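These notes concern the structure reproduced below.
The values are calculated or read from the model by the stated rules, or taken from the named source; none is laboratory data. If you're wondering where the values come from, they're calculated on a predicted model, not measured in any experiment. Neighbour counts run over all protein chains shown; Cβ positions are idealised from the backbone, glycine included.
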Amino acid sequence: MTKNKFKYQELLDKLVSEGCQMPPLFEPNGIQACRFAFSSSKQNHIPQYVSNPRRMLDDINKGKSDTSLLALSCFATSPQAESFYHNLRKAFKNAERAIGDSLAEGTLNNEDGQKTANSPNGHFDFYEFENCNLNKSFKITKLL
């Protein structure tokens with residue numbers, strides 16, 4: 001694990017105490033990354049369990065909680081993110097209300113947090129360190 005404290009360390013500790021495991025994590029080493037954002041909000045980049053705490057409690061009670069929902073979903077490239085987004089919109093009519101209507105891009109540095117390995121579609125989870133603020137370093141580059 002890391003010597004730095006994660007932004008949502010207490011919640012992560014709670015999930016681990018409930019039987020969840022942290023995935024293998026790696027330093028991002030200054031990679032460029034993309035994520036979905038809301039064009040109308042100055043406060044993007046909030047994990048699902050933080051924006052919807054009730055979901056975390058429900059998932060714990062159902063035995064299906066996951067530390068991934070305290071991380072931020074990212075993509076390695078904008079084409080990968082856009083492809084995922086368009087496929088999601090085909091399956092879920094209101095996807096833009098849930099995950100955003102825009103693409104934000106920025107750099108993930110080692111002092112910002114740690115990431116999981118990229119999946120074949122370019123997706124990875126990013127676990128922020130407590131002083132990380134992606135609202136300052138990620139900028140909206142495209143409306144989706």
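Tabulated values for the structure
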{"read-out": "Residues of the range 9-26 satisfying the condition of being part of a loop (DSSP other than H, G, I, E, B) and closer than 13 Å to Gln114 by Cβ", "value": "Met22, Pro23, Pro24, Leu25"}
{"read-out": "Failed item, numbered, when Asn94 is tested on (1) free of Cβ contacts under 8 Å to residues at least 24 places away in the same chain; (2) within 17 Å of Asn44 (Cα to Cα)", "value": "(2)"}
{"read-out": "All positions within the range 122-141 that are surrounded by 13 or more Cβ atoms within 10 Å (Cβ to Cβ), part of a loop (DSSP other than H, G, I, E, B) and out of contact with any Asp or Glu (no Cβ under 7 Å at 6 or more places or on another chain)", "value": "Gly122"}
{"read-out": "Among the candidates Phe36, Phe92, Phe75, residue that is of a type in the set (A, V, I, L, M, F, W, C) and closer than 27 Å to Lys14 by Cβ", "value": "Phe36"}
{"read-out": "When residues of the range 75-114 are limited to those that are modelled with pLDDT of 95 or more and assigned to a loop (DSSP other than H, G, I, E, B), the one surrounded by the most Cβ atoms within 10 Å (Cβ to Cβ)", "value": "Asp112"}
{"read-out": "Qualifying residues in the range 26-74 (those that are of a type in the set (Asp, Glu) and without any contact (Cβ under 8 Å) to a residue 24 or more places away in the chain) - the one surrounded by the fewest Cβ atoms within 10 Å (Cβ to Cβ)", "value": "Asp58"}
{"read-out": "Residue in the range 75-92 that is among the aromatic types (Phe, Trp, Tyr), in contact with a His (Cβ under 8 Å, 6 or more places away or on another chain) and under 13 Å from Lys115 (Cα atoms) present", "value": "yes"}
{"read-out": "Search result, residues across the range 28-74 that are in a loop (DSSP other than H, G, I, E, B) and of a type in the set (Gly, Ala, Ser)", "value": "Gly30, Ser39, Ser40, Ser41, Gly63, Ser65, Ala71"}
